[in-house]
1. Quick one: ranking F187, F57 by accessible area, 1.4 Å probe, largest first, what do you get?
2. How large is ³J(HN,Hα) for each residue in the range 23-31, as worked out from phi by the Karplus curve 6.51 cos²θ - 1.76 cosθ + 1.60 (θ = phi - 60°), to whole Hz, x for Gly and Pro?
3. Ignoring ligands, DNA and RNA, please state the percent of accessible area on the chain from carbon and sulfur, probe 1.4 Å.
4. Placing unit charges on C-beta atoms (Lys and Arg positive, Asp and Glu negative, everything else neutral), compute the dipole magnitude of the range 1-133 about its Cα centre in debye, rounded to 20.
5. To make sure I understand the rule: partners must be aspartates and glutamates, Cα under 19 Å from the Cα of K121, and not fewer than 8 residues away in the same chain. Which ones qualify?
6. Taking the solvent-accessible surface of protein heavy atoms with a 1.4 Å probe, what is the per residue accessible area of the range 74-148 in Å²?
7. Given H placed 1.01 Å from N in the peptide plane, which residues other than close sequence neighbours of G183 have an amide H under 5 Å from its amide H?
8. Which one, L173, M184, V123, is farthest towards the positive end of the dipole of the chain when Lys and Arg carry +1 and Asp and Glu -1 on their Cβ?
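The values are calculated or read from the model by the stated rules, or taken from the named source; none is laboratory data. Small disclaimer: the values here were computed from a predicted structure and weren't measured. Every residue, glycine among them, receives a Cβ derived from its backbone with ideal geometry; neighbour counts consider all protein chains shown. Accessible surface areas use protein heavy atoms only, side chains included; no ligands, DNA or RNA. Shrake-Rupley method; radii C 1.70, N 1.55, O 1.52, S 1.80 Å.
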Amino acid sequence: MTQEILLIRHGEPLPDKKTPLALRDLHTWLAEYDAGGIIPPSSPPLSLSAEELSRYFPVASPLFRTTASLAALGITPCAIVDELHEAVLPLFSPALLMPVKLPPMWWVTAFRLLWLAGGGKSVPSVAQVRERAQNAAGILAGYAQEHGAVLVMAHRIINHALRPALEQSGWQLTEKTHNSYWGMMRFTRTASHR
């Protein structure tokens, strides 16, 4: 029997991502981003039918936008996996940048790039996120062993870290759509693999 793990990035979050804001307001915006739901999709976000989706054991990260994304598909998660939460974004407050106003996603991109370059000692490092992804891959493989097929609603960075973790465990990437909201990666392996 073939086992399957379907990694999906959540739907587009509700908070306004275009109106410029000052750096001092970014922390509040990020809290709204994490606590808010998603923009309801105008058309089915996945190429899978409700019947096809029903064969998966649904799993989500602890952030609300993932359970809201599952709800948009008519699914309730059977498990919340803490290891699937998104990599924490480091925030810096250089006085020089305080009066500058930029769209929130510009700030997020800048701080994410700083984090990828090793900045942000107050949050888990890239290496620590990769280690967490290894742990999450083991949990997901256990669910696949038990249920056959697992649907995982998570986030861009952790999904990106999960890919090599799953591949190192014998999973093969058999389908990839895109990296944006509702992007999907399908991994399979034979059930005899341990």
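1. F57, F187
2. For the range 23-31, the Karplus curve yields 4, 5, 9, 5, 4, 5, 4, 5, 5 Hz.
3. 57 percent
4. I would put it at about 480 debye.
5. Counting by Cα, and skipping residues close in sequence, K121 has these aspartates and glutamates nearby: E86, E131.
6. 56 Å²
7. Amide H to amide H, under 5 Å and 5 or more residues apart or across chains, G183 pairs with R9.
8. V123
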